[in-house]
Each structure stands twice: as structure tokens, then as C-alpha cells.
Amino acid sequence: MITRAIILVALCGMTILLCQFSPQTKGGDEAGVLSELPMVAGGFIGVSEDPSDKERELLPADTIIKKREYHTPGGSIDHRDVAHAALVIAGNDTRSIHRPEVCLDGQGWTITSSTVREVKLISGATLRVRDLAIEREVLLPDRSKLPLRAHYVYWFVGNDISTPSNLDRQLISLRDSVLSNVNHRWAYPSVMARVTDNLTPQQSGERRRDDAETVKMILTLIRSLAPKFQKDLMTSL
């Protein structure tokens, strides 16, 4: 018992000394992403969207939020794909970046699965992202309930590094702050699309897609989208 107490006191003393004599943390000013989503990404055209009042209310005032609705151009709705992309860039307040699972739960979504997927980029690089399969019920005008399913794909981007894991993001921040004196200014890109196989094109405004087809469509969009705003991927083109 005494030995453990001595070790604890020694560790506390070392921590105080490190904090006292460590140089001031640098970095954190320049994000690893551009502060805009492209208008065109592969076969998709993006229309700018405004952040919701709820997003502005919950996120710190210096948070940068960029959103676009991407859709395939022309043709009938029987062949149309739609996806919603968002890019959140932290300011001085790190609360801007958090586990999206918390927000999805607060919006009434239930997460049915979580899968890390790999996006093979044209450059040959691989981007790892997290795919959340989500669902909730919506109330129709006739008072009946319709199950609504979607896929929400996200990842975190720091200074020349990215990860699909919030825990890894926190560990990377701790490691680089202590060992490299670098404070990452994290960004959080995401793409969401509905699964439409239980909806008519008239109801959804897009073609029917099952889960596999929806995930494939999202990853195809990310393959063209990510290298246009994520700096470490831009340099590999």
C-alpha cells in the first residue's frame, strides 16, 4: 500500500514538471481540410445548404460548418441518387468535434450496425471511414408508421492524418501534443443517404436502392469528394 502511494506521488510530480517545462503547444491553427465542399464531385453536383438552427445553437460560435446536397444530374427520378454531405471544422473550442453517434441518437435514430470501410482512391491511397446503418420510424399523414433507413458515413481529419475512430482521434491528439508539441485542429466530414427500397421514387425523389447499393453510392461519392477538400489526399493526386 505504501509502495503504491509513493509511485502515485512520483507520477504526479513528473506530470507537474512536464507541464511546467514543456514548450507551449503549437499548431491547431490550420486545419487538414479546405473550408469548403466542392460544387462537383465525380458524377455528382452539389447544391449548398445552410446549417440548421439547432446546429448553430449546439456548436461553438467559431465552428465552421459547410453542407451540400449532392445529386446525379439529369434524367428521371427513377435513376436519381441523392446524398447529403457535411464538413465540420473545429475552432478554439474542441466541443465542435465529437462522436456522431451521440447526435444521431438525439435525433431519434437507432444505430443498427457500425462498420469500418475502405475507400480506394484514384491515387492508389486508401481512406478508412466508418459506416453507421441507422433507422427510425416516420409518421405518415394517414397516421401509419414507415420505417426509414439510412447510412451515415464519417471520418475525422487532423494535420496530415485521418481516422474513422473517435478513440483513436483522442489518442492521436494526446500523443502528438505530448511528443510532437502539435495540437490538431480536427475536422469531421460526413455523408448520409437514405435507403429507398421501401419507398417509391415519387416518395423519395430518387431511385430505389437497397443497403448495399446505398453504401456503394456513398463510397463512390467520397472517392471523388475527399481528395478535393482533404489536404493530405490532394497532395497524393
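Read-outs: derived from the displayed coordinates by stated rules, not from any lab. What you are looking at is a predicted structure, and each value in this text was computed from that prediction instead of being measured. Ideal geometry is used to build each Cβ from the backbone, glycine not excepted, and the neighbour counts take in all protein chains shown.
Numbers below:
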item	result
Chain lengthening between Lys120 and Lys145 when straightened (0.36 nm per residue, less Cα-Cα)	5.2 nm
Relative contact order for segment 27-234, counting Cα pairs under 8 Å that sit 6 or more residues apart, in percent	26
Relative packing of peptides 104-113, 165-174 - highest average C-beta neighbours within 10 Å first	165-174, 104-113
Of Lys54/Lys228; Lys54/Lys231; Lys120/Lys231; Lys145/Lys216, pairs whose Cα-Cα distance is over 26 Å	Lys54/Lys228; Lys54/Lys231; Lys145/Lys216
Segment 84-98 residues near the modelled Lys54 label - backbone nitrogen below 18 Å, point 7 Å along Cα→Cβ	84-88, 96-98
Full-stretch length increase - Thr94, Thr200 - with 0.36 nm per residue and alpha-carbon distance subtracted	34.0 nm
Residue among Thr220, Thr196, Thr126 with the largest mean-square fluctuation in a Gaussian network model of the chain, springs linking Cα atoms under 10 Å	Thr126
Estimated FRET transfer efficiency when R0 is 41 angstrom, pair Asp62-Met39 (beta carbons, to 0.05)	0.95
Virtual spin-label span in nm between Glu135 and Ile77, 7 Å along Cα→Cβ	2.4
Projected area, mean over directions - segment 27-234, Cα convex hull, nm²	12.0
